[in-house]
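Reading through the structure tokens given below for one structure.
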Amino acid sequence: MRHAVTRQLNALGAETTVEPHAGCRAGQIAQPDRPMTNREIADALLSGRPDVSLPTCRAVAGAYAMVCVAAPAVTAAELEQVFLRRTGNHTLCRLTDGGGQVLVPAATATEAHAKCQRVVAELGKRSWLAMIHRPVCDLPAGRELVENILTAAVALQRTGLCTPSDVMVEFAAASTPSVAAELTAVIQPVIANRILRQTLEALVAADGNRARAAKDLIIHRSTIDYRLRRIEQLTGHCPTSLRGLTALSAALVAHALKARNDAACIRPTSRNDLDGSGSHNA
């Protein structure tokens with residue numbers, strides 16, 4: 001499932017109510033010639049295109065929970081229905097099968113978190129959700145951050161809801177170019193070995209609990225101990241120590257972010273990407 005999510009990925013907000021910037025308050029938008037779909041509104045808000053008019057009859061909120069979701073086993077239509085059912089009909093979706101981006105109206109970070117947790121409760125362990133809370137005018141600038149948080153969450157096998165604070169240490173290290181380059185080199189021998197990579201990911205997902213990781217992998221405790229010693233030999237970091245596991249977790253994130261950036265260089269993002277096909281909710 002992780003590889004399916006990786007393919008999908010490649011294709012800290014304050015607790016106060018956020019006021020939108022001057023000139024982009026809810027309702028201060030022109031009436032278009034025809035009603036826009038919710039997806040078209042989401043495209044306009046995420047792109048930050050000043051030439052796009054939004055309808056006054058639509059409830060464009062002052063702030064949103066900006067969500068990136070990865071759910072490989074769920075269709076776009078199913079995902080959309082879950083979000084609308086759990087967060088309300090004013091939620092804006094731009095989804096394809098397996099994931100996408102969603103804007104959930106939320107005045108505060110607490111409201112944003114609560115709404116997204118309702119989605120997680122229904123989707124269960126078959127999904128990853130990354131979320132940040134932003135005023136409507138800051139949505140375009142937040143896209144890369146929330147996408148990177150999702151990449152980090154998947155690399156660390158942290159299903160459910162993930163916010164910047166949940167991956168703060170790993171993401172901070174992996175976001176520093178010189179550190180990221182060193183971490184990527186350190187983890188490369190493990191990435192090249194499917195069994196060792198799965199073992200490390202299971203240990204990270206189990207928060208360093210070897211017994212739980214062995215159970216998840218359906219292997220004997222002595223087997224996982226052997227694999228972890230091999231990881232230490234290859235990387236120089238002991239995965240059974242707090243310091244070593246933190247470094248290796250950051251290395252997994254650094255590798256995932258590099259892979260995503262490399263894929264983006266192969267297929268550069270353009271404004272037209274916001275007009276791609278997917279599920280539309282009117």
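Considering only residues that are part of a helix (DSSP H, G or I) and under 14 Å from C68 (Cβ atoms), look in segment 156-170 and name the one that is least open to solvent (accessible area, probe 1.4 Å). This residue is V167. Scoring T108 on the criteria (1) open to solvent by less than 50 Å² (accessible area, probe 1.4 Å); (2) within 16 Å of the chain's Cα centre (by Cα) leaves a single failure, condition (2). Only one of the numbered conditions (1) assigned to a helix (DSSP H, G or I); (2) open to solvent by 10 Å² or more (accessible area, probe 1.4 Å); (3) modelled with pLDDT under 90 is violated by I41, and that is (2).
Matching residues to (1) in contact with a helix residue (DSSP H, G or I) (Cβ under 6 Å, 6 or more places away or on another chain); (2) under 20 Å from P105 (Cα atoms):
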{"position": "I132", "(1), (2)": "yes, yes"}
{"position": "L139", "(1), (2)": "yes, yes"}
{"position": "E144", "(1), (2)": "no, yes"}
{"position": "A152", "(1), (2)": "yes, no"}
{"position": "D166", "(1), (2)": "no, no"}
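Annotation note: Cβ proximity below 6 Å between a residue of segment 253-269 that is open to solvent by less than 40 Å² (accessible area, probe 1.4 Å) and a residue that is at pLDDT below 85 (sequence gap 6+ or interchain) occurs for V253/A174; A254/A174; L257/A174; R260/L9; R260/N10; A263/N10. Consider V204 against the criteria (1) of a type outside the set (F, W, Y); (2) within 19 Å of the chain's Cα centre (by Cα); (3) part of a helix (DSSP H, G or I); (4) over 14 Å from A251 (Cα atoms): it satisfies all of them except one. Which criterion is unmet? Unmet condition: (4). Residues that are more than 17 Å from the chain's Cα centre (by Cα) and among the hydroxyl-bearing types (S, T, Y) within segment 77-105 comprise T87, T91, listed in sequence order.
The values are calculated or read from the model by the stated rules, or taken from the named source; none is laboratory data. Please read all numbers here as calculations on a predicted model, not as lab measurements. Methodologically, a virtual Cβ is constructed for each residue, glycine included, from the backbone with ideal geometry; neighbour enumeration extends over all protein chains shown. Protein only, heavy atoms only, side chains kept; ligands, DNA and RNA dropped before computing areas. Shrake-Rupley method; radii C 1.70, N 1.55, O 1.52, S 1.80 Å.
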